[in-house]
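The values are calculated or read from the model by the stated rules, or taken from the named source; none is laboratory data. These numbers were taken from a predicted model, which means no experiment stands behind them. Cβ atoms come from the backbone with ideal geometry, glycine included; neighbour counts cover every protein chain shown. These area figures cover heavy atoms from the full protein model, side chains too; ligands, DNA and RNA do not enter into them. Shrake-Rupley method; radii C 1.70, N 1.55, O 1.52, S 1.80 Å.
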Amino acid sequence: MKRAFASGLVLVQILLLIGLLVLPHGTVWPVNGFVVATAIALIAVGVALAVQGSTTLGPAMTASPIPRDDAPLATNGVYAVVRNPIYTGLMSGGLGLVLIGSSLMHVVVWVALIGLLAGKTRWEEQMLVQEHPAYSDYAARVGRFLPGVGRIR
């Protein structure tokens, strides 16, 4: 049941990301050079964070919120700055797609993605606390998605 729920969360996450890519463009705000440059920068930062986060995790990497058995706790590299750099990257890149999409539906899908990732993170962190005794201290020092923001006390 737990694995099925985790797989469902991953599937919804993928569908939301695909939605941001394929939704029709709107005209809610003008997509001028500044908006495009900002969107490209957000997407580039998002990709960089996701790649760095994935690379740092190594064998512990999984799309599932259920941690791999006996995987080490990553607290180095980009994980020394934020606890969930891959999710931060997805949110950042998603915001870039929202800017280019210029539609309310893009905004709704992006907000849904943020909500899903926030919930997925809270569930994952409960399991990480059980798996890694040092996780609570780490979470008290390092922000969840942004440096210093969302620390667990």
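Counting only the heavy atoms of the protein chains, how much of residue 38 is accessible to a 1.4 Å probe, in Å² to the nearest 10?
Accessible surface of residue 38 is approximately 50 Å².
About the Cα centre, and with charges only on the beta carbon of Lys, Arg (+1) and Asp, Glu (-1), how big is the dipole of the chain? Nearest 20 debye, please.
220
Note the angle between two axes, namely the Cα long axis of helix 85-101 and the longest principal axis of the Cα atoms of the chain, as a number of degrees from 0 to 90, rounded to the nearest 10.
The answer is roughly 10 degrees.
Taking square-rooted eigenvalues a ≥ b ≥ c of the alpha carbon gyration tensor, is the stretch 15-76 rounded, prolate or oblate, where a/c under 1.5 means rounded and, failing that, a/b exceeding b/c means prolate? Write out the running numbers ahead of the final one.
On the way: a/c = 5.04, a/b = 2.17, b/c = 2.33.
Because a/c hits 1.5 or more and a/b fails to exceed b/c, the stretch 15-76 counts as oblate.
Let me have the 222 nm mean residue ellipticity of the chain computed from DSSP H runs of 4+ only, each contributing -39500 (n - 2.57), with the sum over all residues rounded to the nearest 500.
Roughly -22000 deg cm²/dmol at 222 nm, from the helical runs in the chain.
Counting alpha carbon pairs within less than 8 Å and at least 6 residues apart, what relative contact order, in whole percent, applies to the chain?
Worked out over the chain, it gives 32 percent.
Give the shape of the stretch 1-114 as rounded, prolate or oblate, defined through the alpha-carbon gyration tensor: a ≥ b ≥ c are the square roots of its eigenvalues, a/c under 1.5 means rounded, and otherwise the shape is prolate if a/b is larger than b/c and oblate if not.
oblate
On the full set of protein chains, 1.4 Å probe, figure out the accessible area of residue 66 and give it in Å² to the nearest 10.
Roughly 20 Å² of residue 66 is accessible to a 1.4 Å probe.
Write down the accessible area per residue of the chain in Å², having rolled a 1.4 Å probe over the full set of protein chains.
54
Which percent of the accessible heavy-atom area of the stretch 60-107 goes to carbon and sulfur, probe 1.4 angstrom?
66
Can you classify the stretch 6-49 as rounded, prolate or oblate using the Cα gyration tensor, where a ≥ b ≥ c are the square roots of its eigenvalues, rounded means a/c under 1.5, and otherwise it's prolate if a/b beats b/c and oblate if not?
Oblate, because a/c is 1.5 or more while a/b does not exceed b/c.
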